[in-house]
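Read the figures in this text as sums done on the coordinates, not as results from a lab. Keep in mind that this is a model prediction, so the values were computed, not measured. Cβ sites come from the backbone with ideal geometry, for glycine too, and all protein chains shown count toward neighbours.
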Amino acid sequence: MELDNLAPPPKRRRRFRRTAGVALPVVLVGSFAAIAAPQAFAAEQCGGIDYRVVSSWNGGFQAAVSITGGSEGLAGWDVEWDFPSGTTVSSAWNVDWAQDGAHFTGADVGWNGTISSGDTSEVFGFIGAGDATVPTGITVNGEECGGEVVPTEPELTVSKSTLVAAPGSSVSFDVGFSAALEADVAVTTTKTDGAEGIDVTAGESLQFGADNWEADQEVVIDAAEGAEGSATFEVAAEGFDPIPVTVTVSGDVGEVTQNEDRFLELYDQLAGADSPYLHSSGVPYHSVEELIVEAPDYGHQTTSEALSYQMWLEAAYGQVTGDWSGYNNSWNTTETYAIPDLNPSSYNPDSPATYAPEGGDASDYPSQLDSSVPVGQDPLAQELASTYGTNQIYGMHWLLDVDNAYGFGECGDGTTEPNYINTFQRGQSESTWETVTHPSCETFDFGGPNGYLDLFTGDAQYSQQERYTAAPDADARAVQVAWMADQWATAQGTEGEISGSLDNASKMGDYLRYAFADKYFKEIEGDCIGASTCPAATGKDSFHYLLSWYYSWGAGMNGDWSYRIGGSGVHQGYQNVMAAYALSNELTPDSPTAGDDWATSLEAQMDFLEWLQVPEGSTGAGAIAGGATNNWEGNYGEPSTSAEFNGLYYDEKPVWHDPPSNRWFGFQAWGMDDIATYFYNTGDERAGALLGNWVEWALSESTISATDYSLPGDLEWSGEPGSGLTASVATQSKDPGVAGTFAKILSYYAAATDDAEIQQTASDLLDALWATNDGIGVAQPESRADYCRFEDEVYIPSGWSGTMPNGDVIEPGVSFIDIRSFMKDFEGYDQVQAYIDGGCSGDAPEFTYHRYWHQVEAATGFQTYAMLFEAA
């Protein structure tokens, strides 16, 4: 199946309209509906075919095709049509296709070939280049299937809604319409707000009509000498939705380079007017598409990861333009929606939590709380309370239901969005497909008599409570980005503009030290085996000084009790030496011992990563293995390994087992990105050696040109540190997010070592990545065989029953989709159902996803290369 994307044109029309329940905005271009047709075929097999343009831009579009079964239904289909001259398919999914000139042919891929009588199924989609006008001569299985052309509703469009200008210069954008006009339309561009000296000088009033609607017209904005700040302009026409356009003037902007321009265009797609990536609150979605299941179980959730990436995007925008308002706003969004304001009146550092063992399977839950097992002393609580005068934890909770699709609302109100939720609670083997999503603020309004608590822990009595969990990699990324923002703003002389945000990052790093501690504050050094016999620690004897997979906190609703736990499982991809460097230098937190703790962490992380690196002469030399733990299997069990690092036991797949947590190459790239940044900025020889070995391995397993790329996907591991550790690449991937990360790594490494060949490879990778921009963002079709698991059983204990807010019943035997029935209404679920109904055989359904973190990794890849190699 052809999957290569053609390079899109240098500018695109943008006009996105966010619509509840729809994954992407829809512009109906043409429809061949189930109308009367003379052929017996049309009546018996095909009841209609629908062709619609999902989104369009200058020179390209995305389309979807649906077929309705006739009285006998369809058992396999082939479609054909003729495009307008010059229109081509760049990529397609869920279809075996070919194109000869203007003639397109497509066939089912097995699971989507059967369409029952009266059922309508969206059978495939594609990205097109050229004229989006509906094709002609559409047939199904060689016969016409009825049809009529539905006139297109045009929309007002602009090529860019965010522009940057230097004082004394001008910038421009194009105005146009997405489809034909039947009457003359006047379009005006008016300044509505902002700084003086930024004004429209050409194109203030434009005329469009039936004879010239296809030709874009230009609007020019001049920035006077001495102008500074931003101005907002409204592009408006009677009968059409107006579009705001923002122009920022900065003295730090010179001639915009190729990769700066790419960054700014992608920034515009992510943060511009009506961006489909953003909730009305400004919180970014995990993905534009709603139907996606990975760590978040649907796309309009979000993670602390996404919020840290929003900080990165806005910091990069500040570096390119000198405008730091977006970076400060990203911290305001985080404080408002992702940092819980829980401030319990009571917390006892000498009794931070009650022990509950983790189980090897979800059926081992609820896990009984056991107060007889000794837990250690919390060594941070008193210092933090003294420093900040509060019992609030200044850390991000990891997961939000942004659209409130589940219906929990905030603390049981059922309506507030975004709101705090959680999923994973039942041990290392629990996959996303086996979770029960539940509110972080447990008020017993939903679920069973005890809400959801007795699915997870066994107790004599349950109380209403709040429970939150941090993802330390996200908090560390926020700190890393703050350090970079500080360097960039200082170079511009504008560091004072972000001082409050830098203080926030430093404070977050102070609390992030909870990720250094064993889960129950037990001693690290020595053999911590046996929950009852592993000693409780005092002071910082519980610290491994690495970034664990999580730390957690919570309290009863009346505030008379609260808890805190650290994290014992340590993953290589979560380590961030750049954050440790920042917090032991320029961003040292206010707590007296924080700077020294982070200096210790910097050395511990470097030692740890060197210990985990596959040695020279072994298969996969340079790759970084999974991680380690001092809390074997979550219950301080007997380790099955002899490899040990400072009291931690080697764990090939720490914390996650389904799928294995170090299978994905992306964790390798995430972990090496901050090493590369650190090496470039400090010249640390240990970091350079670690990075150089990794880069050599990763490039040897990749194929990169200026038009295409293939990177490692899944990895397989054997042996352990010090005893035959090896890595091999099992699959290849075109993941655009990982490509963006890899491009940054190569750019920093090339700049630090003056390696022209690797610099060229980074440039080629960015060229190939830019070619995947479909007008919404960088994206690649991906096969999702795991979607067969929508009907996986979710373990519910015998005798337990309850309901989700929408009435979905929770009881033994339910499946993932049974307790998430709202997902059946998401665009694309019919493809999943058809695949499942077909026994999950043949080609798996394909989807093209626009994940927020993918876009930011790509955008900052362009910005990083421009900063290092294209700056004047």
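Apply 1/(1 + (r/R0)^6) to the Cβ-Cβ distance of D590 and Q382, taking R0 = 22 Å, and write down the FRET efficiency to the nearest 0.05.
0.95
As a test of understanding, state the convex hull volume per residue of the chain from its alpha carbons, in Å³.
160 Å³
May I ask for the angle, rounded to the nearest 10°, between helix 756-770 and the longest principal axis of the chain, with both axes built from Cα atoms and the value confined to 0 to 90°?
Long axis of 756-770 versus the principal axis of the chain: about 60 degrees.
For segment 703-773, what does the alpha-carbon gyration tensor say about shape, rounded, prolate or oblate, given a ≥ b ≥ c as the root eigenvalues, a/c under 1.5 as rounded, and a/b over b/c as prolate?
Taking the square roots of the gyration eigenvalues as a ≥ b ≥ c, segment 703-773 is oblate.
Arranged from highest to lowest average of other beta-carbon atoms within 10 Å per residue, in what order do the peptides 410-417, 443-450, 674-681 appear?
Per-residue Cβ counts within 10 Å, averaged per peptide and sorted highest first, yield 674-681, 443-450, 410-417.
So between E638 and E204, what do we pick up on full extension, going 0.36 nm a residue minus the alpha carbon distance?
148.8 nm
Which pairs, out of K522/K653; K507/K540; K519/K540; K160/K191; K160/K824, put more than 24 Å between their alpha-carbon atoms?
Long pairs (Cα-Cα over 24 Å): K160/K824.
Let me know the shape class of segment 781-836, please: from the alpha-carbon gyration tensor, a ≥ b ≥ c as square roots of the eigenvalues, rounded when a/c is under 1.5, otherwise prolate if a/b is greater than b/c, or oblate.
In terms of gyration-tensor shape, oblate.
Based on the mean of other Cβ atoms within 10 Å per residue, sort peptides 515-526, 158-169, 486-497, 739-750 so the most packed one is first.
The peptides rank, most packed first, as 739-750, 515-526, 158-169, 486-497.
Calculate, for D459 and T190, the FRET efficiency according to 1/(1 + (r/R0)^6) with r their C-beta to C-beta distance and R0 45 Å; round to the nearest 0.05.
So the FRET efficiency works out to roughly 0.10.
What is segment 552-625 by shape, rounded, prolate or oblate, if you read a ≥ b ≥ c off the alpha carbon gyration tensor as root eigenvalues and call it rounded for a/c under 1.5, prolate for a/b larger than b/c, and oblate otherwise?
oblate
Could you tell me the calculated FRET efficiency between D96 and T731, based on Cβ-Cβ distance and R0 = 25 angstrom, to the nearest 0.05?
About 0.70, to the nearest 0.05.
Highest mean first, what order results for 422-432, 543-553 on Cβ atoms within 10 Å?
The densest-packed peptide leads the list: 543-553, 422-432.
Starting from the Cα-Cα distance between E294 and K824, subtract it from 0.36 nm times their residue separation and give me the gain in nm to one decimal.
189.1 nm
Extension gain F444-T494, at 0.36 nm per residue separation less the Cα-Cα distance, in nm?
So the extension gain works out to 13.1 nm.
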